[in-house]
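Here the structure comes first, spelled out in structure tokens, and everything after it is commentary.
None of the figures in this text is laboratory data; all of them are computed from the coordinates on show. No experiment lies behind these values; they were computed from the predicted model shown. In this analysis, Cβ positions are derived from the backbone assuming ideal geometry, glycine residues included, and neighbour counts consider all displayed protein chains.
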Amino acid sequence: MNRLKDYRKDLFLILGILIGAGLLAGAFALAKKPGAYVRVEQNGKLLAVWKLEEDRREVFPSESGETEKTEDEEAGNVLVIENGSVHMELASCPDKLCVKQGTKSKVGETIVCLPHKLVVTVISAEEAEELLP
Amino acid sequence: MKVKRLVTEAMLCALALILSYVESLFPLSVAVPGVKMGLPNLVIVFALYRMGAGSAARISLVRVAVVALLFGNIYSLLYSLAGAVLSLVLMALLKNVSGLHTAGVSVAGAVMHNIAQIGVAMIILGTKEIIYYLPPLLISGVVTGVAIGLVAALLIQRIPEKMTSF
């Protein structure tokens, strides 16, 4: 390995990217407010808007309509709202990234299931008012 | 195009394809979509330094097309095409910056790849909130980019000159 000094420019570049990532993360964290509603979209289409206060458990078939087996029922995804936050309980996709994304409750936080093109977003009361009839 | 160059490109492309497959066998289990090792970039960085941007571009594009045909769909094709093209353009530009090594170039390529994929995801899913995944992706891009860049440097140094003299 060459001396570290030779890698000065590479280190600057890396440091710059890391600082950029930190600033972005900080800005995103500061901008977050507690959410009021959950918006569910599949393939860009609005499926539902639900209150975070009301506990519920919903099943979404995967987009193609095929009902793949999850652990306890036939579904694409199982979404759970409880204690003022939302999480994906089950998913029939192989990677289960949406389940691993955990519990969300702040405005703008999302749970994304790429295989089923399902996007769950926590939104504010104002945003929900525009969507609800 | 000389036959030897064509054959070498085809061979490296096959190697990149295998690395794509190997990568899909060991998904990094993180809660952020898009985090991956970027093994195929090893081949692309090697080709970029030893065979030029044209060869690297041909290898990369054929790899993306074949991966999409074998394992993917139209959406995964869009993701990987955007990532591959933008990251290669950036790497080809940065390669000419004196003082930058494969580590830095590969990091820039990895990060650009992630940014491009977030951009495509925002367009396809129509959800701007996906940008919240960018900071962790930038960090993972730096980590995998450095690793790939350092290994690529060894390959560039050690693989016999005659393999890539056309």
(Q) How shielded is A:9-21 by partner chains, expressed as the average number of their Cβ atoms within 10 Å of its Cβ atoms? (A) 6
Q | At least 24 Å along the helix axis (C-alpha) and Kyte average at least 1.0, DSSP helices within chain B | A | B:3-25, B:53-71, B:74-95, B:102-125, B:134-158
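Sorted from fewest to most neighbouring beta carbons within 10 Å, what does the list B:Phe46, A:Phe28 look like? Numbers along the way, then the final one.
Values: B:Phe46 25, A:Phe28 18.
Fewest-to-most ranking of B:Phe46, A:Phe28: A:Phe28, B:Phe46.
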Q. Using alpha-carbon positions, what is the distance between the centroids of the stretch B:8-62 and the stretch B:78-122, in Å?
A. 12 Å
Q. How many nm is it between the label spots at A:Asn83 and B:Val89, if each spot is 7 Å from the Cα in line with the beta carbon?
A. 4.7 nm
**Q.** Hz values of 3J(HN,Hα) by residue in the stretch A:84-95 - Karplus curve (6.51, -1.76, 1.60), Gly and Pro given as x
**A.** x, 9, 10, 8, 8, 8, 9, 8, 8, 6, x, 8
Q) Suppose every K and R has +1 on its Cβ and every D and E has -1 on its Cβ; what is the size of the dipole of the protein assembly as shown about the Cα centre, in Debye to the nearest 20? A) 2080 debye
Q: Could you work out how far helix A:8-30 tilts from the main Cα principal axis of chain A, as a 0 to 90 degree angle to the nearest 10?
A: 30 degrees
**Q.** Environment charge of B:His113, counting only residues whose C-beta is closer than 15 Å and scoring Lys/Arg +1, Asp/Glu -1
**A.** +1
(Q) Along the Cα→Cβ direction, 7 angstrom out, place labels at B:Ser24 and A:Val59. What is the inter-label distance in nm? (A) 3.0 nm
Q. Just going by the charge dipole of the protein assembly as shown, with Lys and Arg at +1 and Asp and Glu at -1 on Cβ, which of A:Thr121, A:Pro94, B:Ile59 is farthest out on the positive end?
A. B:Ile59
**Q.** Charge dipole (debye, nearest 20) of the stretch A:37-131; +1 at Cβ of Lys and Arg, -1 at Cβ of Asp and Glu
**A.** 280 debye
Q. Given the pairs B:Lys2/B:Lys36; A:Lys5/B:Lys162; A:Lys32/A:Lys96; A:Lys104/B:Lys128; A:Lys96/B:Lys95; A:Lys5/B:Lys2, which span a C-alpha to C-alpha distance of over 28 angstrom in this model?
A. B:Lys2/B:Lys36; A:Lys5/B:Lys162; A:Lys96/B:Lys95; A:Lys5/B:Lys2
